[in-house]
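The values are calculated or read from the model by the stated rules, or taken from the named source; none is laboratory data. None of the values given here were measured: they were computed from a predicted structure. Positions of Cβ are generated from backbone atoms using ideal geometry, with glycine treated the same way; all protein chains shown enter the neighbour counts.
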There are 4 protein chains.
Amino acid sequence: MAPQALQVAREFVRTEILERDAEPDTGVHARFRESGVANWWLPESTGGLGLPLVEGVDIAAALAYGDAGLAFSSFVSIVGTSLLELYGGQRLQREWLKPLATTGGYCAVLGSEREAGSELDRMDTTAARDGDTVVLNGTKLFSTNADAADFWIVFARATAGMEQPYVAVVVPRTAPGVRIEKRWNTLGLATSPVYQVSLTDCRVTAENVLAGHGLRLLEIGLNPSRILIAATAVGIARRVRDLCMGYAKNKPLKGTTLAKNPIFADKLAQMEVGIEVMRSQCRAAARDYDAIMAGADPAAGFARRGALKSALVAKVYCGQTGWQIAGTGSEVFGGLGYTDEVAIGRLVRDMRFVSLVEGGDEVVRELLYARHVMPPAKRS
Amino acid sequence: MAPQALQVAREFVRTEILERDAEPDTGVHARFRESGVANWWLPESTGGLGLPLVEGVDIAAALAYGDAGLAFSSFVSIVGTSLLELYGGQRLQREWLKPLATTGGYCAVLGSEREAGSELDRMDTTAARDGDTVVLNGTKLFSTNADAADFWIVFARATAGMEQPYVAVVVPRTAPGVRIEKRWNTLGLATSPVYQVSLTDCRVTAENVLAGHGLRLLEIGLNPSRILIAATAVGIARRVRDLCMGYAKNKPLKGTTLAKNPIFADKLAQMEVGIEVMRSQCRAAARDYDAIMAGADPAAGFARRGALKSALVAKVYCGQTGWQIAGTGSEVFGGLGYTDEVAIGRLVRDMRFVSLVEGGDEVVRELLYARHVMPPAKRS
Amino acid sequence: MAPQALQVAREFVRTEILERDAEPDTGVHARFRESGVANWWLPESTGGLGLPLVEGVDIAAALAYGDAGLAFSSFVSIVGTSLLELYGGQRLQREWLKPLATTGGYCAVLGSEREAGSELDRMDTTAARDGDTVVLNGTKLFSTNADAADFWIVFARATAGMEQPYVAVVVPRTAPGVRIEKRWNTLGLATSPVYQVSLTDCRVTAENVLAGHGLRLLEIGLNPSRILIAATAVGIARRVRDLCMGYAKNKPLKGTTLAKNPIFADKLAQMEVGIEVMRSQCRAAARDYDAIMAGADPAAGFARRGALKSALVAKVYCGQTGWQIAGTGSEVFGGLGYTDEVAIGRLVRDMRFVSLVEGGDEVVRELLYARHVMPPAKRS
Amino acid sequence: MAPQALQVAREFVRTEILERDAEPDTGVHARFRESGVANWWLPESTGGLGLPLVEGVDIAAALAYGDAGLAFSSFVSIVGTSLLELYGGQRLQREWLKPLATTGGYCAVLGSEREAGSELDRMDTTAARDGDTVVLNGTKLFSTNADAADFWIVFARATAGMEQPYVAVVVPRTAPGVRIEKRWNTLGLATSPVYQVSLTDCRVTAENVLAGHGLRLLEIGLNPSRILIAATAVGIARRVRDLCMGYAKNKPLKGTTLAKNPIFADKLAQMEVGIEVMRSQCRAAARDYDAIMAGADPAAGFARRGALKSALVAKVYCGQTGWQIAGTGSEVFGGLGYTDEVAIGRLVRDMRFVSLVEGGDEVVRELLYARHVMPPAKRS
């Protein structure tokens, strides 16, 4: 099944993006939904393909090769769906995951807030218990796919009558009090719309609260998406490389071509070092994730571990290395690299997101140090 | 005089750019022309301010603090005007430099071609002698300000009846056969328009040919502009720093502000190291240039030296360091750094030009090695 | 079996190196030979443990944690033994591999020459067929363990009567004409002796010639050792980290300890990123190697592939990243880091070897580009 | 006068170090004392050459080209002599500076302590007033030249009867209670001996206390030495470059020589960028220092400013860039670069000191941020 899904993704990118030879457009999402591969990770019990994350890494990279915005919008639902799968119970899964498996729809995550920034425990969005319902209020800074999503997972501080100090709540897109405040203009990822959204006295059934401490859940939900974000760096970097090679093959230089220039060769080889190592780390992290997921009690396994070391490392490493590769790539084309005649400018702008979303490098490194370097027993 | 000019430039940036609190617009050029500082380097004999390059470095950095596009468009004429000053004769200077000193107009340079790329000796634009005239034919890839310029300096391969194998020719913007092919869409430097242009049987008087080998002249003309391009990196980097500091001052973090966070402090201090060192190198290079210019026979001095080592070094170093600073800066703002709420995205895009125009790093390093590292006597 | 071997190696390092709390000494080799783990990769058919390379990666890293010289001397025989295993025939394996499996002895490799440098095809050592024998003449620049080795694998240019233009020949240490010219003083790796050696009319039976083109064989033999060299960077880097953490735990700073200083934490976390990613790449490369070794016809498989991409990448990446980590580590201790009170100086000197032996970065990148980047079909 | 001093230093290095073609030896110090250039910065009023720091930068670089240990031992007295000159009064200058100008002797500085580390205000060495004398007690971790010095400048915490909380005191080498505890083994700088020393009830006249707050004085005294340490990086880097070029000129590669290899050329050119920029920053910092020194009241000028921004920047930048250059250089020679056949190993070890002495990078950056980045008015 898996190679087939990867094959479908590659074919989609080739025919729907590369051969169209145009800037990525937002229509690409609807076309991808019809490919049969959308939401490839959803468990077979919900009608999904049930692919392990290690294959997701290859698919995300393949999509990002064509359009990182398509890739990100296509996999970021995994933050919420994996939490539903692990901590959501049968009813929620049936109600919300099954349709996603069928239609390729989205689940949006509402975590970040302006004031709290990287200190999630300072979030101001509140969830208050009221009889059988929970009432949500607050504004969330960034939420990808929020407008087109079937449902949202909202992270909030519990104010009254909750078992946990922070909670994660499933909120239908159609719930009253839910509002798209604005769409952000972003440096890159043009086809992946991100919104500021708000909840005003938004009331949902208390059964929609996921089991567990909300902040721990968010940490867990970010495991697969951080690995897949890292994987997009692999895809973008491959595109940069191939763009460079395509240009160099025919670019005359000193009686031969740029592709045969030793300095160019040395630079591209170093780029390949980065690509290969990024892929190895993404796969290693995905295997760690898959091993827990395939264990006897994945919900308990993830609750115990929280953020996986290898996932944090993949995120930081691929953000840094991808950015280097994009920078190197943009220098290959000389002045043309500063124009829209070559796609490199877009790739540079797209690549930047890897280090900026779902935790900047300092934030991730702080977690890494506290969890995996400070305690001697956790060092490896 | 000089501090005054720098003061005027800073004041202009403050009132006309920073306080308007909007994206840089192209109207800024017209307003700057009226500031009295435009073309600050033109010799007093032509009615200019006659400022040395070491002061130009500070002015260019001050303008780039506000808008790198304004800075680049404002100083790039120096490539041509310095050649006219050194190798142009009284008539040409009177005819073409005086108006620039009065009106703040532009001189555009036409050097780069698509096929030749970094191998300028492969340029296809031709200059043929025909009686008292020279006829020019060819297409030039990139020319900043070409449309609004009073005149162009065209670099061409001599085909017949010329003393030099390559020549530099003054061409009035209004000459017949001169055509703007298109304006390029660029990754950054939005307010600095760059064009593809062509010359078709464009005929000018043979007196418009500058004295000397065209390729050597181009190398000489790039000395001051490469130093000033390097100086724009200083200005953009300072803006990045101040943007970071402005954000950090009020951004709450761990019970205090980001500005008091040790990791942020360490990062910003490293940024300051880069800013200070870039400035020192730009000034050192400018002093080298000014010393030759103030010598007994600057035309011969430059003809003998060609590309100055310190100018080449400034260009490479500031391109690299500026890019690092821009990258660091864009990570300070977290997700907001990926949106247009903060100007950092524009600064990253603007900064990229430093390494891409007037010779990519490999091209400059090749020259540096051949001229200043290989010959033992030239090492310092 | 495997975890046990790793366990033995770790225990050896703990008791024989770390707890002795002295500079590594050469006696460590003899003690390691008695550990039962020496030459852990030799096939079970020869009496060895037959461990796959992916476990060898962990063992090499564990040894290098204690002493990189011990690690290198202990695994570098794999270049020759793997060639004997693949291309040597039953008799050679019985005669030369069995004793190594029993006694933990060494096989030294004689490849590099002063004049040839990285251009192995320019090697001057010759092998001439003479009846049933082959006569070897030449001087080899670097050969680790050559003096203590049971036998050497000599790479030579064939001059007459050979099937291949270059050959690999098994030469007993006791063969006539074999001479140790000198032991090199090296910057680091004090416990791993490396020699300049010569062969003068050294005559061995022609049955000692391995099957295949000598240069291709060398390329193949370097696959496992390059991966294990990369793995030593993991071990040294972990030692650097633990040295830093041990120091930081008790070092007072600003009312707390260095270990709780945010800048230190950030730096150590970045170090951990490097360690984790290096390990992932070493393992990925080792798995590639093991997969071919476990295939139906590994000799043909390796002959077809030559240098493995992932092995080349591991070597380059770990050399670069290890060096960065060593540099960072040496800055943690302030002035003490420049003295022999802390072991960091030795670790910096040891780490340097990763990038310098068995192909410098440019040489490896050139191979990488030619084989895996230029041909579109080979890109991944 | 100045060019002559630089010329003497260069000549000394050529005849006494380079042409001897041996590892630097400690006898070099005595020979340099006789060169007439030793302590070149001492004011003419004391019988010195009175050279400005900008020339000292060139001399330090010239000495470091031959032997960084010689360079460091030769200029580090400037920390103490500049304080004596600024804050010491006529008697002290006559008594202690004059002999140094005549004999080329040393002044050693006793600042660092084990417990205090980078937090100098935690120093434990005490100075207690007792009638007309001051009694010093404590142990100092690192003091270069302490054994051979004529006198020491001791930094201590005042315990009783002093005007300042911290003081700097002139202590004759022959004073009772002064003891050399041990000489350190260091990673590099073999010819620059550094000692742990102690003071036990060491009594000197109270007139030996310099005017001003001891910690501020130390900060001021480090200004010139930090700039000169930075300048040693220039000298070592030039030696690395010339070593590479000398090797490359004759090293055959691909039918030509390494010196004509494009990748090598590109790498060496980047090295030259670093060398040139380091020099520019050292000179810029030295000019800042000289300007204050040439001002109306240099003692007040330095007291007001403390650590100069450009000096801090020079130290950090040259430490980082020098280290990169040393690393690059060591890769040029392949395996030979790991042996003592080429001097590169020593240069790598020597270079490391630039970042480690007189304040590690974090310490210097912290000062830089607090003084020159945080206060908007101090940004440039």
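So the values come out like this:
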{"item": "Residue A:274 vs. criteria surrounded by 19 or more Cβ atoms within 10 Å (Cβ to Cβ), part of a helix (DSSP H, G or I) and within 13 Å of chain C (Cβ to nearest Cβ)", "result": "yes"}
{"item": "Hits in the stretch B:19-28 - residues which are exposed (fewer than 13 other Cβ atoms within 10 Å of the Cβ) and either hydroxyl-bearing (Ser, Thr, Tyr) or modelled with pLDDT of 90 or more (or both)", "result": "B:19"}
{"item": "Every residue from the stretch D:13-44 that is within 18 Å of residue D:105 (Cβ to Cβ), touching a residue at least 40 places away in the same chain (Cβ under 8 Å) and assigned to a helix (DSSP H, G or I)", "result": "D:28, D:29, D:32, D:33"}
{"item": "Meets criteria (outside any helix (DSSP H, G or I), farther than 28 Å from residue D:348 by Cβ and either touching a strand residue (DSSP E or B) at 6+ places or on another chain (Cβ under 8 Å) or more than 9 Å from chain A (Cβ to nearest Cβ) (or both)) for residue C:286", "result": "no"}
{"item": "Single unsatisfied condition, residue A:184 versus (1) more than 30 Å from residue B:114 (Cβ to Cβ); (2) more than 14 Å from chain B (Cβ to nearest Cβ); (3) in contact with a strand residue (DSSP E or B) (Cβ under 9 Å, 6 or more places away or on another chain); (4) not small (Gly, Ala, Ser)", "result": "(2)"}
{"item": "Wholly within the stretch D:81-196, strands (runs of 3 or more DSSP E) carrying at least 1 residues that are in contact with a His (Cβ under 7 Å, 6 or more places away or on another chain) and in contact (Cβ under 8 Å) with a residue 40 or more places away in the chain", "result": "D:166-172"}
{"item": "Qualifying residue in the stretch D:109-119 (condition: over 19 Å from residue D:222 (Cβ atoms), of a type in the set (A, V, I, L, M) and touching a strand residue (DSSP E or B) at 6+ places or on another chain (Cβ under 9 Å))", "result": "no"}
{"item": "Qualifying position, being more than 17 Å from the chain's Cα centre (by Cα), of a type in the set (Val, Ile, Thr) and surrounded by fewer than 21 Cβ atoms within 10 Å (Cβ to Cβ), among A:348, A:332, A:373, A:342", "result": "A:342"}
{"item": "Residue in the stretch D:305-319 that is more than 9 Å from chain B (Cβ to nearest Cβ) and under 21 Å from residue C:187 (Cβ atoms) present", "result": "yes"}
{"item": "Odd one out for residue A:326, checked against (1) buried (at least 20 other Cβ atoms within 10 Å of the Cβ); (2) small (Gly, Ala, Ser); (3) facing another protein chain (nearest Cβ under 9 Å)", "result": "(3)"}
{"item": "Residues of the stretch D:224-256 that turn out to be within 11 Å of chain B (Cβ to nearest Cβ) and under 15 Å from residue D:333 (Cβ atoms), as a count", "result": "7"}
{"item": "Residue in the stretch A:343-350 that is within 21 Å of residue A:217 (Cα to Cα) and more than 7 Å from every other protein chain (Cβ to nearest Cβ) present", "result": "no"}
{"item": "Filter result for the condition that a residue is small (Gly, Ala, Ser), without any contact (Cβ under 8 Å) to a residue 12 or more places away in the chain, within 9 Å of another protein chain (Cβ to nearest Cβ) and assigned to a helix (DSSP H, G or I), over D:265, D:259", "result": "D:265"}
{"item": "Some residue of the stretch A:198-207 being part of a helix (DSSP H, G or I) and farther than 30 Å from residue A:85 by Cβ", "result": "no"}
{"item": "Number of the condition not met by residue B:260 [criteria: (1) of a type outside the set (Val, Ile, Thr); (2) crowded, with 18+ Cβ neighbours inside 10 Å; (3) under 30 Å from residue B:280 (Cβ atoms)]", "result": "(2)"}
{"item": "Conditions (1) away from chain A (no Cβ under 14 Å); (2) touching a Lys or Arg at 6+ places or on another chain (Cβ under 6 Å); (3) more than 29 Å from residue B:24 (Cα to Cα); number of the one not met by residue B:123", "result": "(1)"}
{"item": "Count - residues of the stretch A:22-41 that are of a type outside the set (Gly, Ala, Ser) and either over 12 Å from residue A:67 (Cα atoms) or not assigned by TED's automatic domain parsing to the domain that holds residue A:52 (or both)", "result": "7"}
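Yes or no, residue by residue, for (1) closer than 26 Å to residue D:350 by Cβ; (2) surrounded by 24 or more Cβ atoms within 10 Å (Cβ to Cβ); (3) among the small types (Gly, Ala, Ser); (4) within 14 Å of chain C (Cβ to nearest Cβ):
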site: D:133; (1), (2), (3), (4): no, no, no, no
site: D:151; (1), (2), (3), (4): no, yes, no, no
site: D:161; (1), (2), (3), (4): no, no, yes, no
site: D:173; (1), (2), (3), (4): no, no, no, no
site: D:177; (1), (2), (3), (4): no, no, yes, no
site: D:194; (1), (2), (3), (4): yes, yes, no, yes
site: D:201; (1), (2), (3), (4): no, no, no, no
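Residue-by-condition table, conditions (1) crowded, with 17+ Cβ neighbours inside 10 Å; (2) among the small types (Gly, Ala, Ser):
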residue: A:4; (1), (2): no, no
residue: A:12; (1), (2): yes, no
residue: A:30; (1), (2): no, yes
residue: A:39; (1), (2): yes, no
residue: A:44; (1), (2): no, no
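Matching residues to (1) touching a strand residue (DSSP E or B) at 6+ places or on another chain (Cβ under 8 Å); (2) buried (at least 24 other Cβ atoms within 10 Å of the Cβ); (3) part of a loop (DSSP other than H, G, I, E, B); (4) on the phi > 0 side of the Ramachandran plot:
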{"residue": "C:215", "(1), (2), (3), (4)": "yes, no, no, no"}
{"residue": "C:221", "(1), (2), (3), (4)": "yes, yes, no, no"}
{"residue": "C:224", "(1), (2), (3), (4)": "no, yes, no, no"}
{"residue": "C:228", "(1), (2), (3), (4)": "no, yes, no, no"}
{"residue": "C:232", "(1), (2), (3), (4)": "no, yes, no, no"}
{"residue": "C:236", "(1), (2), (3), (4)": "no, yes, no, no"}
{"residue": "C:242", "(1), (2), (3), (4)": "no, no, no, no"}
{"residue": "C:246", "(1), (2), (3), (4)": "no, no, no, no"}
{"residue": "C:249", "(1), (2), (3), (4)": "yes, no, no, no"}
